[in-house]
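Below is one structure, written out as structure tokens; the observations come after it.
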Amino acid sequence: MPTKRLALRIGIAGFGTVGQGVWKHLHDHRKPLEERVGARLELHSVAMRDTTKARDVTVPAEKIGTDPIAVATDPEVDIFCELMGGTGIAREATLAALRAGKMVVTANKALICDHGAELFAAAKERGARLYFEASVAGGIPIIKAIREGLVANRFGLIYGILNGTCNYILTRMEAEGKDFEPILEDARRLGYVEADESLDLDGWDAAHKAVILAYLATGHWFDLKEIPVRGIREITLRDMEWARQLGYRVKLLGVIKRDFKREEVFCSVEPSLIPADRILAKVDGGYNGVCVEGDIVGESIYIGRGAGRDATASAVISDIVDAAIDRLHNVPAFMPTYPSARIAFAELSAVKRAFYLRLDVKDQPGVLAEVSAITARHKVSIGSVLQMPAANNGHAHLVLTTHRTSEQQIRDVVAALRKDRSVLGKPLVLPIADFSAK
Ligand code: NAP
Ligand code: HSE
């Protein structure tokens, strides 16, 4: 005799790119997923702002509402998915669901980065759970990899391309010699770009993800304000071409580096030069790539689609399945506890790296000597020099790479260059990625 299957009800707040992807793929793949979970997975309700907006995915009218808190606290909802974004109503709804003891799934990296400590504490207090696989690197199961597959390791270095939008823009600028704007429009159409696109373009979205990775690696929540964050707006087609001539590619790179002797962590998000023969340098388009250096496993690399409806829905649905199994059998996703070491945030000014330095200068005798006198005065050693005529008559572009030097020294060099009458405009400084785990 067939037994009546238990049903778990899923409520979703947010029905944009990700919400619609989750609804569609859960609907289309329901049967095999239900077999795996051993219960029915019922798409119960969805909240959106504007119920009159045309959507790609159709939902029965009786399941649609406009109040995320009502979905979050609905006693009929077992698993609440926060897919709205931001840290206002998203935080309120997530807290409400956790306080109601629910399983909560979110794709919201800003929320986890800014309020992770508060949310995990609320979950613990109420016996609720918070799943967040889709918050870092889209469809790549990087959170599971770090907290489960690599649990035996301590992590000296994690670095990666963490923003699909920026990687898509840089890749197409370089390949097609096109400007930023039309490519950004394509990224919007593909569903890669945040509602507030400055989060992508100015590096904040990648920084949210870096903070989450740093938490997974160390058990500490670092404050976004402590992290040097830069986006891709200053990168020109020419920089990418000169980087290529020097044997590099330009990528927006998130870096988390831990010094175990000093118990310090350095974390940054900056456009950086990566040696062209590195695997990460070949991760293009909307793809993300994350390299994790564990003290036992060595280097492991994860590549996959970092943004967009389907890749993100894949990660959210994997969390929904974990949450469902957790609800049925009380098997929480494994979350390591961390030794209570005091970990400090390393000051950027003390960190030593090599740099790419691009200057626009007057094309006249003695300029190169003036520039090298300034670098010598600040004890910055030059690795290579390229000089190209600029479109403006009488100007030239000067591209230097330096040997390893401190951030403070390079800042002093730039300050001195800006006072030099032969140097025009603001020099561009980009770090050259350093993959040593020390
Ligand atoms: P989106 O397309 O802008 O969708 C946001 C949805 O939330 C919309 O349906 C919106 O309703 C709804 N919403 C916003 N405020 C609301 C409110 N006060 N009440 C009810 N509904 C509200 O955003 P998305 O790209 O799907 O991103 C959602 C989350 O996933 C964000 O945290 C984002 O960072 C994260 N994420 C996105 C991606 C990606 O590739 N897109 C990847 C990973 C993670 P209306 O449609 O009616 O305006
Ligand atoms: N806007 C984000 C990106 C979405 O472009 O990477 C995925 O988190």
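Values quoted throughout were computed directly from the atomic coordinates according to the rules given, and no laboratory measurement underlies them. These numbers come from a predicted model, not from an experiment. In this analysis, Cβ positions are derived from the backbone assuming ideal geometry, glycine residues included, and neighbour counts consider all displayed protein chains.
Worth a mention:
- Among ALA145, ALA369, VAL321 - extreme Cα towards positive end, dipole of the chain, charges at beta-carbon: ALA369
- Aspartates and glutamates with Cα under 12 Å of LYS251, excluding same-chain neighbours fewer than 8 positions away: GLU174, ASP239, GLU270, ASP284
- For the chain, a Gaussian network of Cα nodes joined below 10 Å ranks ALA373, ALA276, ALA324 by mean-square fluctuation, and the top entry is ALA373.
- Estimated FRET transfer efficiency (SER372, GLU226; beta-carbon r; R0 41 Å; 0.05): 0.75
- Shape of the stretch 249-357, Cα gyration tensor, a/c cut at 1.5: oblate
- Trypsin sites (Lys or Arg not before Pro) within the stretch 111-162: DSSP coil, no more than 15 neighbouring Cβ in 10 Å: ARG154
- Judged by the ratio a/c of the largest to the smallest principal axis of the C-alpha gyration tensor, the stretch 303-376 counts as oblate, that ratio being 1.5 or greater while a/b is no larger than b/c.
- Taking amide H atoms as placed 1.01 Å from N in the peptide plane, the amide H of GLY383 lies under 5 Å from those of THR401, THR402, HIS403, each 5 or more residues away in sequence or on another chain.
- Beta bridges from DSSP with both residues in the chain: antiparallel share about 70 percent, rounded to the nearest 5.
- Packing-based exposure ordering (other Cβ within 10 Å, fewest first) of ILE142, ILE317: ILE317, ILE142
- Cα centroid separation, the stretch 113-172 to the stretch 27-94: 22 Å.
- Rounded tilt (10° steps) of 89-99 against the dominant C-alpha axis of the chain: 50
- Equivalent ellipsoid, the chain (semi-axes from 5 times Cα gyration tensor eigenvalues, Å): 45, 24, 17
- Annotation for the stretch 65-159: GluC sites (Glu not before Pro) lying in DSSP loop with at most 16 further Cβ atoms inside 10 Å of their Cβ are GLU76.
- In summary, the aspartates and glutamates within cross-link reach of LYS124, defined as a Cα separation below 15 angstrom excluding same-chain residues under 8 places away, comprise ASP326.
- Using alpha-carbon coordinates, inclination of helix 180-189 to the longest axis of the chain, degrees: 10
- Whole-Hz couplings from phi, Karplus 6.51/-1.76/1.60, listed for the stretch 150-163; x for Gly and Pro: 10, 4, 5, 9, 9, 10, x, 7, 10, 8, x, 8, 10, 10
- Taking amide hydrogens as placed 1.01 Å from N in the peptide plane, the amide H of ILE235 sits under 5 Å from that of no residue at least 5 positions away in sequence or on another chain.
- Cα-based helix-to-principal-axis angle, 367-377 vs the chain, degrees rounded to 10: 70
- Charge dipole magnitude, Cβ of K and R +1, D and E -1 - the chain, Cα centre, debye nearest 20: 660
- Entries of LYS31/LYS144; LYS362/LYS419; LYS109/LYS426; LYS225/LYS257; LYS24/LYS282; LYS257/LYS352 with Cα pairs more than 21 Å apart: LYS31/LYS144; LYS109/LYS426; LYS24/LYS282
- Contact order normalised by residue count of the chain, Cα under 8 Å, 6+ apart, percent: 16
- Annotation: the residues SER406, SER300, SER381, sorted from fewest to most other C-beta atoms within 10 Å of their own C-beta, follow the order SER381, SER300, SER406.
- Counted residue by residue at 0.36 nm each, then reduced by the alpha carbon distance between them, the extension gain from ASP50 to ASP277 reaches 76.9 nm.
- Order of VAL265, VAL136 under a 10 Å beta carbon neighbour criterion, fewest first: VAL265, VAL136
- Of ASP114, ASP326, ASP50, the residue with the greatest mean-square motion in the GNM of the chain, using alpha carbon springs below 10 Å, is ASP50.
- Max mean-square fluctuation residue, GNM over the chain, Cα-Cα springs under 10 Å, options ASN163, ASN392, ASN153: ASN392
- Lys/Arg +1, Asp/Glu -1 at C-beta; the stretch 145-306 dipole; positive extreme among CYS166, ILE212, VAL265: VAL265
- Potential lengthening of the chain between ALA117 and LYS379 amounts to 90.1 nm, from the contour at 0.36 nm per residue minus the alpha-carbon distance.
- Cα gyration tensor category, rounded, prolate or oblate, for the stretch 1-154 with a/c compared to 1.5: rounded
- Subtracting the Cα-Cα distance of ARG154 and GLU263 from 0.36 nm times their residue separation leaves 38.0 nm of extension gain.
- The amide H of ARG249, built 1.01 Å from its N in the peptide plane, has ILE274, ALA276 as neighbours under 5 Å, considering only residues 5 or more places off or on other chains.
- Calculated [222 nm] ellipticity per residue, helices only, for the chain: -10500 deg cm²/dmol; basis is -39500 (n - 2.57) per DSSP H run with n ≥ 4, divided by all residues, nearest 500.
- Rounded to whole Hz, the Karplus (6.51, -1.76, 1.60) HN-Hα couplings of the stretch 380-387, x for glycine and proline: 9, 8, 8, x, 7, 9, 10, 10
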